[in-house]
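Novice: Here it is, the structure in full.
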Amino acid sequence: MITRFLVVKTCRLILLIAAVATLSFVLVNSSPVNPVDAYVGAAMLRISPDQREVIAKRWGLDRPPVERFGRWAGQMATGNLGVSTIFNEPVLSVIGKRFVTSFWLMALAWSLSGALGFGLGLIAGAREDTLLDRGIRLYAYTMASTPTFWVGMILLMIFSVSLGWTPVCCAWPPGLSAEQATQWQRLHHLLLPALTLSLVGIAQITLHTREKTIQALRSDYAIFARAQGESTVGIVFRRALRNVALPAVTLQFASLGELFGGAVLAEQVFAYPGLGRTTVEAGIRGDIPLLLGIVLFSTIFVFTGNFMADFIYHLVDPRLRKATGAIS
Amino acid sequence: MLDIQDLSIRFTRYTFGLKKKETCVVQGLDLSIAPGQVMAVIGQSGAGKSLLAHALLGILPRNARVEGRILFKGKPLTPERLSALRGREIALIPQSITALNPLLRVGVQVARAARLSGISKKDTPTTVNRAFSRYLLQKEVATWFPFQLSGGMARRVLTATATVGMADLILADEPTSGLDPTTAREALGHLRELADTGKAVLLITHDIETALQVADMVTVFCAGTTVEVAGAEDFKGFGQLRHPYTRALWNALPANSFVGTMKPVERTSNTIGCPFQSICNKQDATCGLSSPPLKHSGNGRVRCHHA
Amino acid sequence: MTINPLALDRRTRTMMVILGCLILFSAIFLGAWLYGEQGQVTNLALRKLPPGWNQPFGTDWLGRDMFARTIKGLRISLEIGLAAATCSAIIALLLGLAAATMGRIVDVSVTWLCDVGMATPHLVLLILISFACGGGAKGVIIAVAASHWPALTRVIRAEVMQLRTSDYIKLSHRLGKSPAWIARHHFLPHVVPQFLVGLLLLFPHAILHAAGLTFLGFGMSPHTPEIGTLLAESMRYLTTGMWWLAVAPGLALVLSAMTFDVLGNNVRALLDPKTLRE
């Protein structure tokens with residue numbers, strides 16, 4: 001039964017990629033930004049129209065859109081995402097390198113915010129209306145209203161500029177190459193961006209978990225548990241945990257998109273050379289192959305998260321297991 | 001074993017526009033159960049009766065206010081004492097299967113109830129198995145989830161949960177709702193069995209007929225208060241019932257040919273005197289003056305000025 | 001007779017809070033209308049001043065009053081965020097309910113739409129759409145509105161699907177009630193609290209994403225002082241210690257978003273007191 005589930009999901013992924021690819025291509029084509037102009041940039045005045053035409057031809061921009069799409073789609077199917085106009089490297093390798101840098105940042109932030117958020121949500125829900133609950137709620141509501149990049153800026157000002165505890169930018173000390181930087185140095189540079197993402201990412205899951213905990217504590221089974229002599233702590237940890245954890249885990253997996261988005265902003269503030277920063281560059285400087293490549297890559301990334309969320313839901317909730325028959 | 005005097009339960013809630021409103025759901029409730037007795041609390045379907053069970057366990061929501069005297073085994077039932085006794089000496093058989101966590105297996109939940117009632121970790125598996133077989137549930141049912149249980153099985157599991165320990169007072173909240181006659185009789189049989197082993201059973205229900213099959217005493221509940229306490233045998237003939245409401249209930253039974261329906265009696269804070277004046281044939285001037293107290297009459301009690 | 005504000009009952013307190021929030025928002029809009037243009041005035045003699053008596057939020061490197069710039073920027077940010085969030089939330093509710101109640105085909109289609117909408121990270125999609133629109137306010141609004149409904153739709157759909165396995169829904173269906181009727185009378189009252197929580201968390205998201213877009217440089221021209229733009233500009237001066245350039249506009253944004261939270265929560269308490277227990 002699991003294989004059927006997987007096959008369905010894989011087909012979905014393929015269809016999804018097809019849809020996203022088409023959509024992005026259409027969007028990119030309707031942009032008033034002329035990729036040649038964007039590429040040439042400041043040198044526009046010095047380049048003659050003939051030279052511009054040569055560039056356009058090299059990129060196949062003189063062909064009609066449908067044909068361009070066909071070529072691009074065909075290439076994509078074989079794994080060739082084209083060449084980035086900014087870096088003059090294959091798109092795939094640009095993405096690969098930058099992603100590895102971003103990965104550690106996102107992984108650290110995701111785990112931290114997930115674990116802390118769930119814990120705080122449980123505590124807040126179990127101790128509803130106490131000072132502790134109000135405090136946690138205040139923190140979560142504040143963070144939900146705070147832009148990620150601003151948090152980054154504040155942390156930067158406090159810890160890097162004023163106190164000098166952390167570096168001001170980048171993934172490793174400027175001047176060193178990637179291979180020369182040690183693990184500790186990388187970690188050091190990772191701290192503030194990861195902290196930024198965690199602080200903000202906690203909000204949603206805390207509030208959601210709190211809501212679910214409160215609901216659970218008011219449910220029939222919680223009342224019955226209390227009638228049997230169970231304490232509030234007992235109800236939370238021995239009975240309601242699964243009921244609360246399930247939506248929480250689902251939410252956390254489904255939030256990979258927001259995580260990536262946060263990474264884009266955080267990397268911008270800290271000049272962290274990850275995939276997020278590259279996305280911005282691609283968008284501003286009109287590097288269409290790279291932009292499209294990143295869109296597709298991030299699609300797969302987010303898909304994995306959603307897939308896990310669905311999978312876990314079906315795995316854990318016995319009612320859905322029986323109902324769909326997808327997993328026995 | 002259990003002695004309730006003048007119990008009242010009030011709720012504060014917020015209505016649309018955040019207006020504060022206090023409703024009195026139960027007022028002047030009197031009840032006594034002795035060990036080995038099945039006391040049925042009968043009344044119309046409504047929030048009042050089930051709340052009694054929750055009040056006795058001290059698990060009413062935060063916006064509830066309870067007043068009155070409750071004595072358990074001779075000593076007052078304070079909140080502190082309650083939190084020690086819950087699940088151990090007083091147990092609840094809830095009304096519906098939603099009282100079980102849908103994500104946990106049934107056996108796990110019964111085992112937890114056993115642990116909470118004081119059974120050691122070592123003895124729990126055997127106790128649970130014993131409880132299951134006592135109620136004729138196969139061993140494999142313990143691995144099932146609540147939604148897989150049929151109505152009758154659910155009822156048996158809930159009963160097992162309450163009786164897996166050594167509770168002396170069992171509160172059964174609507175044990176026959178939604179069950180077919182055979183299963184209902186079976187469920188009641190379990191309760192009778194429990195009483196016969198020396199426990200006290202409080203049976204809360206709206207279904208008089210089935211209740212009378214196993215009850216020793218009956219408390220009739222209406223408009224938030226006790227109107228009559230009678231023995232089960234009093235219901236066999238018309239003459240013994242004292243309160244007009246009880247008589248109306250009795251008349252309405254299918255066996256007694258569905259005689260007459262009664263206008264619903266409401267008691268608000270503005271009511272002075274007995275709310276049942278309009279349907280009573282003993283009514284006179286004194287009935288309109290004040291609310292009648294619960295008086296002894298024969299081997300029962302009745303809330304009437306003329307008892 | 002003195003009135004102790006803490007002694008007022010919950011109802012009055014809630015209404016006062018709501019009133020307070022509305023006054024605050026009116027003040028922002030009024031302030032922007034009255035005072036906003038001051039932010040364009042450059043005065044090189046008053047450059048780089050920290051917050052003081054004459055300039056509550058300090059001045060920037062061109063001597064422009066940060067308070068005026070912030071107020072005007074705030075107004076622009078709020079307008080964009082509100083418009084986009086409202087569109088998104090309504091779409092989400094309709095799609096979520098439809099998916100869970102109108103049969104398999106609709107469910108599959110809506111789920112599919114959600115999948116596509118959520119397939120890329122918000123910000124990536126925002127960047128893509130902004131790029132497609134060539135930037136500017138229009139691009140930002142469209143981008144934000146078109147990318148925020150999927151998450152909420154999913155939540156509502158999941159919640160309603162869990163409701164469907166409950167007894168009283170099956171009963172209603174057996175009694176012959178149409179899916180639309182069930183949707184309106186059974187699902188809606190359960191879903192509305194979830195919807196409200198979702199909408200509340202959507203306002204700040206929309207405003208913040210819009211600010212994020214402009215911060216990254218996709219939104220408006222650098223001449224309109226939208227909050228994101230202000231903050232992007234201030235990045236250059238962070239290391240020189242001109243903290244007020246970043247703190248003030250950011251704080252204004254945070255406080256506005258939080259005020260929406262407070263406003264929303266209190267209105268919800270007024271309408272659906274079951275979410276309150278005292």
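Novice: Give the residue that is surrounded by the most Cβ atoms within 10 Å (Cβ to Cβ), with candidates limited to residues of segment C:242-254 that are facing chain A (nearest Cβ under 8 Å) and in a helix (DSSP H, G or I).
Specialist: Restricting to residues being facing chain A (nearest Cβ under 8 Å) and in a helix (DSSP H, G or I), the top hit is C:LEU253.
Novice: Determine which member of the set A:ILE235, A:ILE288, A:ILE294 is hydrophobic (A, V, I, L, M, F, W, C), touching a helix residue (DSSP H, G or I) at 6+ places or on another chain (Cβ under 6 Å) and within 12 Å of chain B (Cβ to nearest Cβ).
Specialist: The conditions single out A:ILE235.
Novice: Could I ask something else about it? Kindly indicate whether B:ASP168 is surrounded by fewer than 23 Cβ atoms within 10 Å (Cβ to Cβ) and out of contact with any Pro (no Cβ under 8 Å at 6 or more places or on another chain).
Specialist: The answer is no for B:ASP168.
Novice: Would you mind telling me which numbered condition in (1) of a type outside the set (S, T, N, Q); (2) outside any helix (DSSP H, G or I); (3) touching a residue at least 12 places away in the same chain (Cβ under 8 Å) A:ARG98 fails?
Specialist: (2)
Novice: Name the residue, out of C:LEU95, C:LEU163, that is crowded, with 20+ Cβ neighbours inside 10 Å and in a helix (DSSP H, G or I).
Specialist: The unique qualifying residue is C:LEU95.
Novice: Now for a separate question. Taking the residues in segment C:198-217 that are in a helix (DSSP H, G or I) and within 7 Å of chain A (Cβ to nearest Cβ) as candidates, determine which candidate is nearest to C:GLY73 (Cα to Cα).
Specialist: It comes out as C:ALA211.
Novice: Could you please find all residues in segment A:266-285 being within 9 Å of chain C (Cβ to nearest Cβ), of a type outside the set (Val, Ile, Thr), in contact (Cβ under 8 Å) with a residue 40 or more places away in the chain and in contact with a Leu (Cβ under 7 Å, 6 or more places away or on another chain)?
Specialist: Within segment A:266-285, A:GLN268, A:ALA282 meet the criteria.
Novice: Scan segment B:104-126 residue by residue and report those that are crowded, with 20+ Cβ neighbours inside 10 Å and either facing chain A (nearest Cβ under 9 Å) or not aliphatic (A, V, I, L, M) (or both).
Specialist: Matches in segment B:104-126: B:LEU104, B:GLY107, B:GLN109, B:ARG112, B:ALA113, B:ARG115, B:LEU116, B:SER117.
Novice: Looking for something crowded, with 17+ Cβ neighbours inside 10 Å, modelled with pLDDT under 75 and in a helix (DSSP H, G or I) - is there at least one such residue anywhere in segment C:227-241?
Specialist: no
Novice: Examine segment B:131-143 for a residue that is within 13 Å of chain A (Cβ to nearest Cβ), more than 28 Å from B:LYS49 (Cα to Cα) and assigned to a helix (DSSP H, G or I), and state whether such a residue exists.
Specialist: yes
Novice: Suppose the filter is of a type in the set (Gly, Ala, Ser) and in contact with a Lys or Arg (Cβ under 8 Å, 6 or more places away or on another chain); does C:ALA137 pass it?
Specialist: Taking the combined requirement at face value, the residue does not satisfy it.
Novice: Could you tell me whether C:ALA68 is under 29 Å from A:GLY283 (Cα atoms), surrounded by 18 or more Cβ atoms within 10 Å (Cβ to Cβ) and of a type outside the set (Ser, Thr, Tyr)?
Specialist: no
Novice: Here's something else I'd like to know. Identify all residues within segment B:144-154 that are polar (S, T, N, Q) and within 14 Å of chain A (Cβ to nearest Cβ); write none if there are none.
Specialist: B:GLN148
Novice: Here's another thing I want to ask about it. Of all residues in segment A:255-314 being of a type in the set (Asp, Glu) and more than 20 Å from C:ALA210 (Cβ to Cβ), which is surrounded by the most Cβ atoms within 10 Å (Cβ to Cβ)?
Specialist: The qualifying residue surrounded by the most Cβ atoms within 10 Å (Cβ to Cβ) is A:ASP287.
Novice: Is it the case that A:GLY41 is out of contact with any strand residue (DSSP E or B) (no Cβ under 6 Å at 6 or more places or on another chain) and either at pLDDT 70 or above or crowded, with 18+ Cβ neighbours inside 10 Å (or both)?
Specialist: When the stated conditions are applied, A:GLY41 does not pass them.
Novice: Condition test on A:LEU246, is it of a type outside the set (Phe, Trp, Tyr), surrounded by fewer than 21 Cβ atoms within 10 Å (Cβ to Cβ) and modelled with pLDDT of 85 or more?
Specialist: Yes; evaluated as a whole, the condition is true for this residue.
Novice: Could you check, for segment A:173-186, whether at least one of its residues is within 13 Å of chain C (Cβ to nearest Cβ) and of a type outside the set (Lys, Arg)?
Specialist: No, segment A:173-186 contains no residue that is within 13 Å of chain C (Cβ to nearest Cβ) and of a type outside the set (Lys, Arg).
Novice: Okay, next question. Need the failing condition index for A:TYR221 against (1) surrounded by fewer than 22 Cβ atoms within 10 Å (Cβ to Cβ); (2) farther than 20 Å from A:ILE312 by Cα; (3) within 8 Å of chain B (Cβ to nearest Cβ); (4) touching a residue at least 12 places away in the same chain (Cβ under 8 Å), just the number.
Specialist: Here A:TYR221 clears every test but (1).
Novice: Now a separate question. Considering only residues that are in contact with a helix residue (DSSP H, G or I) (Cβ under 9 Å, 6 or more places away or on another chain) and free of Cβ contacts under 8 Å to residues at least 40 places away in the same chain, look in segment B:62-97 and name the one that is farthest from the other protein chains (Cβ to nearest Cβ).
Specialist: B:LYS75
Novice: Let me ask something additional. For segment A:111-125, indicate whether the set of residues that are in a helix (DSSP H, G or I), crowded, with 19+ Cβ neighbours inside 10 Å and either touching a His at 6+ places or on another chain (Cβ under 9 Å) or not assigned by TED's automatic domain parsing to the domain that holds A:THR196 (or both) is non-empty.
Specialist: yes
Novice: Considering each residue of segment B:146-171, count those that are more than 23 Å from C:SER166 (Cα to Cα) and not in a helix (DSSP H, G or I), and give that number.
Specialist: Result for segment B:146-171: 8.
Novice: Within the bounds of segment C:184-204, is there any residue that is crowded, with 16+ Cβ neighbours inside 10 Å, over 22 Å from C:LEU263 (Cβ atoms), of a type outside the set (S, T, N, Q) and in contact with a Ser or Thr (Cβ under 8 Å, 6 or more places away or on another chain)?
Specialist: Checking segment C:184-204: at least one residue is crowded, with 16+ Cβ neighbours inside 10 Å, over 22 Å from C:LEU263 (Cβ atoms), of a type outside the set (S, T, N, Q) and in contact with a Ser or Thr (Cβ under 8 Å, 6 or more places away or on another chain).
Novice: Starting from residues that are at pLDDT 80 or above and of a type in the set (Gly, Ala, Ser), keep the ones in segment B:211-229 and report whichever is surrounded by the fewest Cβ atoms within 10 Å (Cβ to Cβ).
Specialist: B:ALA211
Novice: Of the residues A:MET153, A:MET157, A:MET143, only one is closer than 17 Å to C:ASP261 by Cα and assigned to a helix (DSSP H, G or I); which?
Specialist: A:MET143
Novice: Just give me the residues in segment A:73-110 being among the polar types (S, T, N, Q), at pLDDT 80 or above and surrounded by fewer than 21 Cβ atoms within 10 Å (Cβ to Cβ), in sequence order.
Specialist: Scanning segment A:73-110 gives A:ASN88, A:SER93.
Per-residue answers, yes or no, for (1) more than 23 Å from A:VAL264 (Cβ to Cβ); (2) free of Cβ contacts under 8 Å to residues at least 12 places away in the same chain; (3) more than 10 Å from chain C (Cβ to nearest Cβ):
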| site | (1), (2), (3) |
| --- | --- |
| A:SER113 | no, no, yes |
| A:LEU120 | yes, no, yes |
| A:ILE123 | yes, no, yes |
| A:THR130 | yes, yes, yes |
| A:GLY135 | yes, yes, yes |
| A:THR146 | no, no, no |
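Yes or no, residue by residue, for (1) touching a residue at least 24 places away in the same chain (Cβ under 8 Å); (2) under 30 Å from C:HIS186 (Cβ atoms):
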{"residue": "C:THR101", "(1), (2)": "yes, yes"}
{"residue": "C:ARG104", "(1), (2)": "no, yes"}
{"residue": "C:VAL110", "(1), (2)": "yes, yes"}
{"residue": "C:LEU113", "(1), (2)": "yes, yes"}
{"residue": "C:VAL116", "(1), (2)": "no, yes"}
{"residue": "C:PRO121", "(1), (2)": "no, no"}
{"residue": "C:LEU128", "(1), (2)": "no, no"}
{"residue": "C:CYS133", "(1), (2)": "no, no"}
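The values are calculated or read from the model by the stated rules, or taken from the named source; none is laboratory data. Nothing here was measured: the structure is a model prediction, and the numbers come from that model. Every residue, glycine among them, receives a Cβ derived from its backbone with ideal geometry; neighbour counts consider all protein chains shown.
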